[in-house]
1. I need a count of the residues in the range 192-217 that are more than 13 Å from the ligand (Cβ to nearest atom), of a type outside the set (S, T, N, Q) and either touching a strand residue (DSSP E or B) at 6+ places or on another chain (Cβ under 7 Å) or assigned to a loop (DSSP other than H, G, I, E, B) (or both).
2. For the range 175-234, give me each residue that is under 16 Å from the mean Cα position of the chain (by Cα), aromatic (F, W, Y) and surrounded by fewer than 20 Cβ atoms within 10 Å (Cβ to Cβ).
3. For a quick check of your reading: which strands (runs of 3 or more DSSP E) sit entirely within the range 14-132 and have at least 2 residues that are of a type in the set (A, V, I, L, M, F, W, C) and surrounded by 22 or more Cβ atoms within 10 Å (Cβ to Cβ)?
4. Can you name the residue in the range 122-154 that is β-branched (V, I, T) and more than 14 Å from the ligand (Cβ to nearest atom) and is also farthest from I213 (Cα to Cα) among such residues?
5. Within the range 16-34, take every residue that is within 18 Å of G133 (Cβ to Cβ) and among the aliphatic types (A, V, I, L, M) and give me the one that is farthest from the chain's Cα centre (by Cα).
6. Sort out which residues of the range 14-31 are more than 7 Å from the ligand (Cβ to nearest atom), in contact (Cβ under 8 Å) with a residue 40 or more places away in the chain and in contact with a strand residue (DSSP E or B) (Cβ under 7 Å, 6 or more places away or on another chain), and write them in order of number.
7. When only residues in the range 175-191 that are touching a residue at least 24 places away in the same chain (Cβ under 8 Å), more than 16 Å from the ligand (Cβ to nearest atom) and not charged (D, E, K, R) count, which is nearest to T113 (Cα to Cα)?
8. Quick check on the range 138-161. Is at least one of its residues within 29 Å of R80 (Cα to Cα), aliphatic (A, V, I, L, M) and surrounded by 14 or more Cβ atoms within 10 Å (Cβ to Cβ)?
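Each reported figure results from applying straightforward, stated rules to the coordinates on display, with no laboratory input. Only a predicted model underlies this, so the values are computations on that prediction, with no experimental measurement involved. Neighbour counts are summed over all protein chains in view; Cβ atoms, including those assigned to glycine, are modelled from backbone coordinates with ideal geometry.
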Amino acid sequence: MPHPSSYKRLLLIGASRGLGFALAEEYLKRGWHVVATERNSSTSKLHELLPAADGRLEIETLDIVHPDQIDALRTRLAPRRFDLLFVNSGVKNDDRETIADVSTEEFVRVMVTNALSPMRVVESLHDLVLPSGTIGIMSSGQGSISNNENGQYEVYRGSKAALNMFMRSFAARHADDPRALLLMAPGWVRTDMGGPDARLSIEESIPNLANIIDAQAGKAGLQYLDYLGRKVPW
Ligand SMILES: NC(=O)c1ccc[n+]([C@@H]2O[C@H](COP(=O)([O-])OP(=O)(O)OC[C@H]3O[C@@H](n4cnc5c(N)ncnc54)[C@H](OP(=O)(O)O)[C@@H]3O)[C@@H](O)[C@H]2O)c1
């Protein structure tokens, strides 16, 4: 392992299970120092990674829909700097529910969790990321407006398309920012969200996704990429 002062540092939001947990595990394997968040320690798998992490894993608590919790995390981490901030948290609604029948409450829950809250995390924490660093958010191929030719997952799609648009506005507002900005599409993966019929295992998606994220370091500007590094059409 490198000397502690030369560790690369990741701040990972939403790592209790699924793809976020796998990203925490993957970056620990790569020798990084990882600060990872969970909402609820009694249901989070993150603690399983502590024994083998050799002091390189710190677990923080954050529910991204609560701005006061984002502010508190910002305050706790104020003196720290990171090579990568990655916001993974996301939810979906019932797949069969269209925009015609979703309740206002459910629409607001998905939009606030998937579009507004990841951006609030980025707005609040981005200045903890080094000028040479990367700011990434887990989007989805479903967020592509151009690729939506068969409908389905309407509310979820809308939330990821909104997220993409907000990140483009962030990028426009930070046009001179030297950091890499990423919206990532992990593929359809077998997790609680992806379900058992999804095309990819976590092992087929996440190490590739991490390779693609790492390969963008130092490349200024926003990209929307899939887990194999292919550009996703907006
Ligand atoms: N699986 C796929 O096929 C797929 C495809 C494209 C994109 N994605 C995206 O990839 C990301 C991870 O998906 P996944 O498949 O791993 O889903 P998952 O197994 O359902 O995990 C979702 C993660 O998000 C966290 N989360 C949800 N709401 C949160 C909140 N308010 N505050 C903080 N954390 C919250 C969950 O924490 P708790 O454990 O506390 O609930 C959990 O860690 C999501 O953004 C998803 O939209 C997934």
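1. Residues that pass the stated criteria total 3.
2. W188
3. 33-38, 82-87
4. Per the stated criteria, the residue is I145.
5. Filtering the range 16-34 for residues that are within 18 Å of G133 (Cβ to Cβ) and among the aliphatic types (A, V, I, L, M), the one farthest from the chain's Cα centre (by Cα) comes out as V34.
6. Within the range 14-31, L23, Y27 qualify.
7. L181
8. Checked the range 138-161: at least one residue is within 29 Å of R80 (Cα to Cα), aliphatic (A, V, I, L, M) and surrounded by 14 or more Cβ atoms within 10 Å (Cβ to Cβ).
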